[in-house]
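Engineer: Next up is a structure, given as structure tokens.
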Amino acid sequence: MEDVILPLLQDNLVILLAALFLILVVVRGVKIVPQSEKFVVERFGRLHAVLGPGINFIVPFLDRVAHRISILERQLPTHSQDAITSDNVLVQVDTSVFYRIIEPEKTVYRIRDIDAAIETTVAGIVRAEIGKMELDHVQSNRSALIDTIKHSVEDAVDNWGIEVTRAEILDVNLDQATREAMLQQLNAERERRAQVTKAEGAKRAVELNADAELYAAEQTAKARRIQADAEAYATAVVAQAISDHGIEAAQYQVALKQVEAMAGLGASAGNQTVVIPAQALEAFGDAFKLLKGRA
């Protein structure tokens, strides 16, 4: 009985060990890589392959997954560094950098602490670029400064197998003394603008007043010109009448003027008695004769 059971147990043990070995080979040889990661495989301590997302096969017991690298975009913590502008103003710049690993084999074997390395690189580039600019340009050309920093960082970290996707300057802070000086300058500029606006208003008022006086003078001159034209026309009519009718037309006009004058004198207040000289009566008579003759 024992002679039968013992070989059977030995056969089952061999089968069991073979099954366990086969399972172990499958487990160590088949690697499923998530979509957000890459695996760095070493063979005998040296880089052998980089496994992408999906099912991958390696040689069991010879190859091993040495590093699991996330390829998701990363954001470095906000970092502050001091910098001095070209006009000798001390500023504190807050920066943030976004990057992702695209070649894990370079990142793993060429740099130990990638985050610290990028922070140091960004700090040096920020100081160098701000040192070339004046404070006003730093404030007004922030977008151009960000682009310059991004391209400079990309060139610097190219050998590390990463891609800088975005660089941001979150804030540019000034020391207290510089802030007070800028505030005084701002207040002075506002006061200057107010004075300029007031002066321009006074100038405009003077111009409008001069325009009004010029317009009034033009209208007065126009009225006088019209009056002069009317008087000239009347004179021309009288001259024409004298030319056509001789001395009688002149006497007729003089008689009419005398009649109008006497009528106005009699209509004035406080004058009930009007003394008419004999010459005036003769002029009236001549006028009446002329009227009858014209009729």
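Please treat every number below as a calculation from the coordinates, not as lab data. Please read all numbers here as calculations on a predicted model, not as lab measurements. Heads up, the Cβs are rebuilt from the backbone with ideal geometry, glycines too, and the neighbour counts pull from every protein chain shown.
Engineer: Find which of 93, 56, 67 sits farthest along the positive direction of the dipole of the stretch 1-144, computed with +1 on the beta-carbon of Lys and Arg, -1 on that of Asp and Glu, about the Cα centre.
Structural biologist: Projecting each Cα onto the dipole axis, the largest value belongs to 56.
Engineer: Further, regarding this structure: Can you compute 3J(HN,Hα) from phi for each residue in the stretch 100-109, using the Karplus curve 6.51 cos²θ - 1.76 cosθ + 1.60 with θ = phi - 60°, rounded to whole Hz and x for Gly and Pro?
Structural biologist: Rounded to whole hertz, the list is 8, 8, 10, 10, x, 4, 6, 5, 6, 9.
Engineer: Once the mean 1/r over all distinct Cα pairs of the stretch 74-174 is inverted, what Kirkwood radius in angstroms do you read off?
Structural biologist: Result for the stretch 74-174, one decimal place: 13.8 Å.
Engineer: Compute the distribution of all C-alpha to C-alpha distances in the stretch 2-70, in bins of 10 Å from 0, and list the percent of pairs in each, rounded to whole numbers.
Structural biologist: The percentages, shortest bin first, are 20, 35, 19, 14, 10, 3.
Engineer: Continuing with the same structure: Return the FRET efficiency for the residue pair residue 174, residue 44: r is the Cβ-Cβ distance, R0 is 51 Å, and the value is rounded to the nearest 0.05.
Structural biologist: 0.35
Engineer: Return the loop-located chymotrypsin sites (Phe, Trp or Tyr not before Pro) in the stretch 22-101 (DSSP other than H, G, I, E, B) with at most 15 other Cβ atoms within 10 Å of their own Cβ; answer none if there are none.
Structural biologist: Counting only loop positions with at most 15 other Cβ atoms within 10 Å, the chymotrypsin sites (Phe, Trp or Tyr not before Pro) in the stretch 22-101 are 44, 61.
Engineer: Moving on. List, in order, the whole-Hz ³J(HN,Hα) value for each residue of the stretch 191-199 obtained from phi through the Karplus relation with A = 6.51, B = -1.76, C = 1.60 and θ = phi - 60°; use x for Gly and Pro.
Structural biologist: 5, 4, 5, 5, 5, 5, 5, 5, 5
Engineer: Can you grab the distance from the C-alpha centre of the stretch 69-114 to the C-alpha centre of the stretch 129-197, Å, no decimals?
Structural biologist: If we compute the Cα centre of each part, the gap is 18 Å.
Engineer: Another question, then. Quick one: putting +1 on the C-beta of Lys and Arg, -1 on the C-beta of Asp and Glu, what dipole do you get for the stretch 74-174 around its Cα centre, in Debye to the nearest 20?
Structural biologist: 220
Engineer: If amide H atoms are built 1.01 Å from N in the plane of the peptide, which residues on other chains or at least 5 residues away come under 5 Å of the amide H of residue 31?
Structural biologist: Correct list: 56, 57, 58.
Engineer: Sticking with this one: Just add up the charged neighbours of residue 123: K/R +1, D/E -1, any other residue whose Cβ is under 14 Å from the Cβ of residue 123.
Structural biologist: It works out to a net charge of -4.
Engineer: Here's something else I'd like to know. Using DSSP to define loop residues, name the trypsin sites (Lys or Arg not before Pro) in the stretch 33-130 whose beta-carbon has at most 15 other beta-carbon atoms within 10 Å.
Structural biologist: When the trypsin sites (Lys or Arg not before Pro) of the stretch 33-130 are filtered for loop state and at most 15 Cβ neighbours within 10 Å, 112 remain.
Engineer: Turning to a different aspect of this structure: Just name one of 141, 165, 184: the one whose Cα is farthest towards the positive end of the charge dipole of the stretch 129-187 (beta-carbon charges, Lys/Arg +1, Asp/Glu -1).
Structural biologist: Result: 184.
Engineer: Right, here's the next one. Given charges of +1 on the Cβ of Lys and Arg and -1 on the Cβ of Asp and Glu, with all other atoms neutral, how large is the dipole of the stretch 96-143 about its Cα centre, in debye to the nearest 20?
Structural biologist: 100
Engineer: What is the dipole size for the stretch 2-70, taken about its Cα centre, with +1 at each Lys and Arg Cβ and -1 at each Asp and Glu Cβ, in debye to the nearest 20?
Structural biologist: 660
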